[in-house]
Amino acid sequence: GDPLPEDKPFCFRFRMHAKPDRFFDRVHGEVTCDPIQDIGDFPITRKAETAADCLAAYQLAVVIDDIDAGVTEVVRGDDLILSTFRQLQLYEALGHSPPSHAHVPLVTGTDGRRLAKRHGDTRLSHFREQGMTPETIVRWAAKTSGLCTDSDDSLKDMTPDQIHQKLIGQFDWVRIQRQPTIVDDFGSSEA
């Protein structure tokens, strides 16, 4: 490889395989990517002055942590699908089997961007302080995720424990919406 630079900070990079890559996602089905064209090589350490000072960057740290913790399933936002391709190649390079993946659609504001502070206070505690009950929040999440429909009133008079048991009993990755949920107000959304 290239010699380490002596006069400026550097990082170690992972060279992606040139072959097309694919994995099965529990929400999106088979996902494919051309690693060279769509991603390219990526840093696996943070920039440092010496090799001894290099710390693991996000992609490598996540894989090492998941291996160490024995993670078998990863559920995260679908904005991280390209990260999965990076991590799958790291699992292979380290000689470990990867976990299964489910990438769920994001909850976004009306501007199409991931729901965040820029959209106002989005913390659950804020909605609770505004008088919204846990049952209302869980019913909203169940409807916008695709676990039940707007016409499904069966959750209306249930206790939180009953709601949880029903949703757990009928959970299936196939039912999860594949489009983002657009929120302009917690009580109104487009799924």
Legend entry - Counted residues, region 137-156 - those being out of contact with any Leu (no Cβ under 9 Å at 6 or more places or on another chain) and farther than 22 Å from Gln179 by Cα: 3
Inset, instruction - Look at Val75 and say whether it is within 30 Å of Val183 (Cα to Cα) and either outside the structural domain of Val138 (by TED's automatic domain parsing) or acidic (Asp, Glu) (or both). - result: yes
Legend entry - Pair list, Cβ < 9 Å and 6+ apart or interchain, from region 24-37 residues that are in the same structural domain as Gln87 (by TED's automatic domain parsing) to residues that are small (Gly, Ala, Ser) and not in a strand (DSSP E or B): Asp34/Ala18; Pro35/Ala18; Ile36/Ala18
Inset, instruction - Could you check how many residues of region 13-43 are part of a strand (DSSP E or B) and of a type in the set (D, E, K, R)? - result: 5
Inset, instruction - Could you tell me whether region 59-68 includes any residue that is in the same structural domain as Val31 (by TED's automatic domain parsing), loosely packed, with under 14 Cβ neighbours inside 10 Å and of a type in the set (A, V, I, L, M)? - result: no
Inset, instruction - Only residues in region 76-89 that are in contact (Cβ under 8 Å) with a residue 60 or more places away in the chain count as the first member; pair them with residues that are among the acidic types (Asp, Glu), Cβ under 6 angstrom, at least 6 apart or cross-chain, and list the lot. - result: Phe85/Asp21
Inset, instruction - Could you check how many residues of region 119-147 are farther than 21 Å from Arg76 by Cβ and either assigned to a helix (DSSP H, G or I) or touching a Lys or Arg at 6+ places or on another chain (Cβ under 8 Å) (or both)? - result: 10
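The values are calculated or read from the model by the stated rules, or taken from the named source; none is laboratory data. In this text the structure is predicted, and so the values were computed from the model without any measurement. For neighbour counting, all protein chains shown are included, and Cβ atoms are generated from backbone atoms with ideal geometry for every residue, glycine included.
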